[in-house]
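The values are calculated or read from the model by the stated rules, or taken from the named source; none is laboratory data. Since the model is a prediction, treat every value here as computed from it, not as a measurement. Positions of Cβ are generated from backbone atoms using ideal geometry, with glycine treated the same way; all protein chains shown enter the neighbour counts. Quick note on the areas: whole protein, heavy atoms, side chains included, nothing else; ligands and nucleic acids left out. Shrake-Rupley method; radii C 1.70, N 1.55, O 1.52, S 1.80 Å.
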Amino acid sequence: MISPMRIATGGIATECCTFSPLPTRLEDFRIWEGDRLLDSYLIPRSDHEIEWLPTLTAKAIPGGPVTADAYEELKGRIIAHIANLGEIDGFFLDLHGAMNVSGMDDAEGDLAEAIRNAVGPEPIIGASMDLHGNVSPKLLKNIDLMSAYRTAPHIDANQTRRRTVKLIADCIVSGIRPVIAQARIPVALPGERTSTEWGPGMKLWSQLFEEDKADGILECSLFVGYAWADEPRMTACAVVSGTDEAAVAAAANRVARRYWDARNEFDFGVPTYQADEAVRWALNQSVQPVIISDSGDNPTAGGAGDTPIVLEALLKAGADNVLVAGIADEPAAKECAAAGPGATLDLELGGKLDPIHATPLKLEATVVRVYPDEGLGGIHVVLKTKGVTIMLTEKRRPFHHIKDFIRLGIDIEDYKVVSVKVGYLVPELKDAAREACLALTEGAVDQYLERRDYKRIERPMFPFDREFDWSPIAQLIT
Ligand SMILES: [Zn+2]
């Protein structure tokens, strides 16, 4: 080891729904490369003395599969940077873990293999992932350590990344070459059922901190997996990194067994309804704001973010003083921005990005305010039609944080009902909601997994198959 230790970093992070018709292209990625990456929040703080060597980190809002060209371009740039780094001690691989590339089943496995081939066998490679990632033996074979978030909503994302870097650095300092065990769990559940804020999720993920303390164990991870990917690697699993083969295998089996045993207990943390029922329920509450999660079209899970299903249900119910956040529709946003505040237009709103799950909704609406693309990531328009205020955006985006509303002059407490394209609520939105429900809307990330036509996943798998026996068999990855 050279002092300070030389650790490179890079990765491609996104979540791809194979049921979405919307390709993720190169221009959909935010890219940090070279010095820009070095100066960014993507370099985790560490108590170790580290010389950071940036390659390229790219992140995209979840959507459909990444185009093969975009992936090859990003991967090629990471590998080209590595060629100029000289000798390194470690690599921090910054992933989400549910990327699907057109024509390829295991993008993270392919990326890890390319990085391993480029850096050589010696450097310690540690990967950090979302617990909603799909893990393959090929990915694990090409890394030395794995850490996954232990919270959903992900309030420990930065903490996890710092833990990964600490583990990499500790292994470099002490000359440890870890071993990894994976135990697949044949269970496919959406993140909305497996949140760590209630039910079995809360207990199962907190138990990992105890598992970490066992002799021979460095880090235990429990993956829900990403269920909206019809690919062979899709599954929940336990992944344990450590120094003792028997100990990591035993821990992986214990963690996997507990998740399997809890499979029937996972449930949504709020009442669930079909869209029309959700609207009726919300309008009947005596408090405000009531938040409806439009869960099938959640753009942070891979939904298009443009289906007008809840909007239509609100209009049909004659709702007054309600907010829909938001609908992504580039042509409509540009038309409204050009017309300006006060203009009333006939629009065909939404249903264009995801024509599989929705059609455009015809309505007459008045432009209230227009925000040009100044640091907001595209034009934003506040529209009003009857009693419904709509946040119309040029680009796909979530409205998951209070600041997303405040920046557009909206106080959600002013509204009786707020419909947000999200699954579970992030803590600040949960705190702001006086009541909340989850609308089981159709969309690319439909919560009814059983309504999906899976063709390529491994079977049997719960909940598609319910009558089968299973015992965990940890696989040592060497
Ligand atoms: Zn996630």
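Key figures
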quantity	calculated
Per-q log10 I(q)/I(0), region 8-138, q = 0.13 Å⁻¹ (Debye; single scatterer per alpha-carbon; no solvent)	-0.50
Zone residues, region 51-93, relative to residue 122, backbone N less than 11 Å from point 7 Å out along Cα-to-Cβ	87-90
Where the chain is the region considered: accessible area per residue in Å², 1.4 Å probe	39 Å²
Gain in span if fully extended, residue 434 to residue 230, counting 0.36 nm per residue against the direct Cα distance	69.8 nm
Apportionment of accessible area to carbon and sulfur, region 160-254, percent (1.4 Å)	56 percent
Within the accessible area of region 272-446 (1.4 Å probe), percent carbon and sulfur	48 percent
Stretchable slack from residue 85 to residue 386, in nm (0.36 nm times residue separation minus alpha-carbon distance)	102.4 nm
Distance between modelled label sites at residue 51 and residue 466, nm, 7 Å Cα→Cβ extension	6.1 nm
Nitroxide proxy distance, nm - points 7 Å out along Cα→Cβ at residue 274 and residue 262	3.2 nm
Residue-span extension gain [residue 476 to residue 334] - 0.36 nm each, minus C-alpha spacing	45.7 nm
Proximal charge balance of residue 344 [Cβ under 11 Å; K/R count +1, D/E count -1]	-1
Around residue 27: net Lys/Arg minus Asp/Glu count, Cβ-Cβ under 12 Å	0
Segments 350-356, 329-335, 468-474, 429-435 sorted - mean Cβ within 10 Å per residue, highest first	350-356, 329-335, 429-435, 468-474
Accessible surface of region 51-92 [probe 1.4 Å, protein heavy atoms]: carbon and sulfur percent	51 percent
Percent of beta bridges antiparallel (DSSP, the chain, rounded to nearest 5)	45 percent
Equivalent ellipsoid semi-axes, region 66-224, via Cα gyration tensor eigenvalues times 5, rooted, Å	26, 21, 13
The chain: C-alpha pair distances exceeding 35 Å, %	33 percent
Value of D in µm² per second that Stokes-Einstein yields for region 321-455, Kirkwood Rh from Cα pairs, at 20 °C (1.002 mPa s)	136 µm²/s
Spin-label pair residue 173/residue 286, simplified geometry with 7 Å Cα→Cβ offset, distance in nm	6.0 nm
